[in-house]
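J.: Here's a structure for you.
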Amino acid sequence: MKTDDVINEIEKVVRGKKGVITMVVATLLAGGHVLLEDIPGVGKTTLAVALSKALGLEFSRVQFTPDVVPGDLLGFTYYDQKTGQFIFREGSIYTNLFLADEINRTSPKTQSALLEVMEERHATVEGNTRELPKPFFVIATENPYGSSGTQKLPESQLDRFMTCLSMGYPDHGSEVEVLMNDARSRIEDVQPVFSADELLQVQKDIENMHTDQALYDYIVALSEATRNDERFSLGLSPRGSIALYKVSRALAYMCERNYLTPADIGAAWMSVAGHRVRLSPRGRATGFSTGEILTEIIRTVPIPKIS
């Protein structure tokens, strides 16, 4: 089954965003989590729901608000008076694809409750550790920081998202198509073209992909360039280097190749690095944006020759 089939199904309800859809699919194939940051109303939630249907995954969604507590996500134990026993009630994360909608509208305590499950794929509640279903992914949406009622995500949680993407407004033609097809474009029209077992097999295939030694050096050189650039106060962590490697391999797989190229790394660069670096006071003073500096880095770090 080709990954193009997944993209085509999602495009039934999310139009004019093939590049974003491709990167989201690549992130999930790489076993990572996605953060969709954008203004309301551009299709973030629709994309997540359509993705779960196209991949044949169990889906759960929580609308994050200030009153959402960790127990809503992880589960809790309660005493059943009828049976006289303590019973564990699962939270919302016991699923394949968990949508954390508007994650930056809830408390930092609830945000941090996702850290263990995103990294370890299990949840610890009252001293008991419970495994999550396989595969397990988190897609979180957030409104831009500074919007009413939002709280900034800490760097520790941002780093656990393999990629951070922005939907953006559709182009004129795509928005006209959205209006014309609004009554006919339903999420029910999206058909599963993958299964959870097939997805797990694809992930194994990607892990076995050939990588030239020079490309390992190239990824590390890119990460080091962000750490050594005085315009950044925070560069890519080793986790960021690993994320870049994994997403690059997934993109190569989606191009029906069993080997990695520098172009795959370049295609993943901005989505993986953009949310992991921070401008320093000197960087802000130069007037350059994070994206402009990252673009400069990917252009100036020598591209290796591979056999």
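The values are calculated or read from the model by the stated rules, or taken from the named source; none is laboratory data. Treat the numbers as computed from the prediction; the structure is a model and nothing was measured. For neighbour counting, all protein chains shown are included, and Cβ atoms are generated from backbone atoms with ideal geometry for every residue, glycine included.
J.: Looking at the stretch 77-115, which of its residues are of a type in the set (F, W, Y), at pLDDT 85 or above and surrounded by fewer than 20 Cβ atoms within 10 Å (Cβ to Cβ)?
T.: Of all residues in the stretch 77-115, those of a type in the set (F, W, Y) come to 78-79, 86, 88, 94, 98.
Keeping just the survivors that are at pLDDT 85 or above gives 94, 98.
Once the filter is applied, which keeps residues that are of a type in the set (F, W, Y), at pLDDT 85 or above and surrounded by fewer than 20 Cβ atoms within 10 Å (Cβ to Cβ), the stretch 77-115 yields only Y94.
J.: State the number of residues belonging to the stretch 269-300 that are in contact (Cβ under 8 Å) with a residue 12 or more places away in the chain, aliphatic (A, V, I, L, M) and loosely packed, with under 14 Cβ neighbours inside 10 Å.
T.: Looking only at that region, the number is 0.
J.: Please specify each residue of the stretch 152-172 satisfying the condition of being over 10 Å from the mean Cα position of the chain (by Cα) and charged (D, E, K, R).
T.: K152, E155, D159, D171
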